[in-house]
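A.B. asks: First the structure, which I've put down as structure tokens, then a few questions once you've had a look.
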Amino acid sequence: MVPAAIALTMALAMVILLFPSSTRQRGGKILAFFPLFILPAVVGSLGGMEHLERSKQTQFCLSCHVMTEHGRSLGVDDPNFLPASHFQNHRIPPERACYTCHTDYTMYGDIASKLRGLRHVYVYYIGAVPQPSEVKLYSPYNNRECLFCHEGARSFEEGVSHTLEPEIMPAIKSNEMSCLSSGCHDQAHRVATLKDQKFWAPPQPQQ
């Protein structure tokens, strides 16, 4: 769709450049308005949407070397390692692993998140890029990301640790008690420990 729109824009612009006299009449002016104003806006919008969808792919996120270690953490051979157990058991879509758990990150979040995303671009190309172990969340992880999949699931609703006290479940669902920072699931990616971990190799598809 985008290549076709670009080709059409270029073709119409070429016509106008080769035959400028065609824009003297009203019909020619209307024709010139499309390749000079309307079609570039359409192409830009389509390209932006296509890039936004592509940026939700795990492969895209891990193409940045700062995130390489976070990507490696998805292969840790430990059923208690939270990111790895979700990724390896397809509790999240493997092709959208990062976006599924970080839906409010940079361009996907509010204005403040988008501004932080622009700062990331600046740091990546001009500033001092942090080490993977130094990458931290700006604010505590929101339980909303966990509840999107787990809320209503029997294993979650009837989990012993979730129902140990009557106030625990309401606190989790209201985001008062964090799933991660309260000491329940505090592993996160722990990239600094990867050198001491074993890794799981998924089976290769048969040829």
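The values are calculated or read from the model by the stated rules, or taken from the named source; none is laboratory data. Nothing here was measured: the structure is a model prediction, and the numbers come from that model. Here the Cβ is made from the backbone with ideal geometry for all residues, glycine too, and neighbour counts use every protein chain on show.
A.B. asks: With respect to Tyr124, is the statement that it is loosely packed, with under 13 Cβ neighbours inside 10 Å and of a type in the set (Phe, Trp, Tyr) true? First the steps, then the outcome.
C.D. replies: Numbers: loosely packed, with under 13 Cβ neighbours inside 10 Å: yes; of a type in the set (Phe, Trp, Tyr): yes.
Yes; evaluated as a whole, the condition is true for this residue.
A.B. asks: Suppose we keep only residues that are over 18 Å from Asp186 (Cα atoms) and more than 17 Å from the chain's Cα centre (by Cα) within the stretch 65-89. Which one would you say is surrounded by the most Cβ atoms within 10 Å (Cβ to Cβ)?
C.D. replies: Gln88
A.B. asks: Report, by residue number, each residue of the stretch 167-207 that is over 23 Å from Ser73 (Cβ atoms) and at pLDDT 90 or above.
C.D. replies: Glu167, Ile168, Met169, Pro170, Ala171, Ile172, Lys173, Ser174, Asn175, Glu176, Met177 - these are the residues of the stretch 167-207 that are over 23 Å from Ser73 (Cβ atoms) and at pLDDT 90 or above.
A.B. asks: Further, regarding this structure: Name the helices (runs of 4 or more DSSP H) wholly within the stretch 67-139 that hold at least 2 residues that are closer than 20 Å to Pro203 by Cβ?
C.D. replies: Fully inside the stretch 67-139 and qualifying: 68-72, 82-88.
A.B. asks: Same structure again: Can you find, within the stretch 29-64, the residue that is nearest to Pro130 (Cα to Cα) among those that are free of Cβ contacts under 8 Å to residues at least 12 places away in the same chain and within 16 Å of the chain's Cα centre (by Cα)?
C.D. replies: Looking at residues that are free of Cβ contacts under 8 Å to residues at least 12 places away in the same chain and within 16 Å of the chain's Cα centre (by Cα), I get Ser63.
A.B. asks: Just to be sure I understand, how many residues within the stretch 141-162 are surrounded by 12 or more Cβ atoms within 10 Å (Cβ to Cβ) and among the polar types (S, T, N, Q)?
C.D. replies: Residues in the stretch 141-162 being surrounded by 12 or more Cβ atoms within 10 Å (Cβ to Cβ) and among the polar types (S, T, N, Q): 2 in total.
A.B. asks: Scan the stretch 147-196 for residues that are part of a helix (DSSP H, G or I), of a type in the set (D, E, K, R) and within 24 Å of Cys98 (Cβ to Cβ) and report the count.
C.D. replies: Counting residues in the stretch 147-196 that are part of a helix (DSSP H, G or I), of a type in the set (D, E, K, R) and within 24 Å of Cys98 (Cβ to Cβ) gives 2.
A.B. asks: What residue, among those in the stretch 1-30 that are of a type outside the set (Val, Ile, Thr), assigned to a helix (DSSP H, G or I) and in contact with a helix residue (DSSP H, G or I) (Cβ under 7 Å, 6 or more places away or on another chain), is nearest to Met107 (Cα to Cα)? Steps first, answer last, please.
C.D. replies: So in the stretch 1-30, the residues of a type outside the set (Val, Ile, Thr) come out as 1, 3-5, 7-8, 10-14, 17-22, 24-29.
From the residues that got through so far, the ones that are assigned to a helix (DSSP H, G or I) too are 3-5, 7-8, 10-14, 17-18, 20-22, 26-29.
Next, from what is left, pick out any that are in contact with a helix residue (DSSP H, G or I) (Cβ under 7 Å, 6 or more places away or on another chain): 5, 8, 12-13, 22, 28-29.
Values: Ala5: 25, Leu8: 30, Leu12: 33, Ala13: 32, Ser22: 42, Gly28: 40, Lys29: 37 Å.
The residue in question is Ala5.
A.B. asks: Taking Glu53 and the conditions (1) surrounded by fewer than 17 Cβ atoms within 10 Å (Cβ to Cβ); (2) assigned to a loop (DSSP other than H, G, I, E, B), which numbered condition does it fall short on, given that it satisfies the others?
C.D. replies: Of everything listed in (1) surrounded by fewer than 17 Cβ atoms within 10 Å (Cβ to Cβ); (2) assigned to a loop (DSSP other than H, G, I, E, B), Glu53 misses just condition (2).
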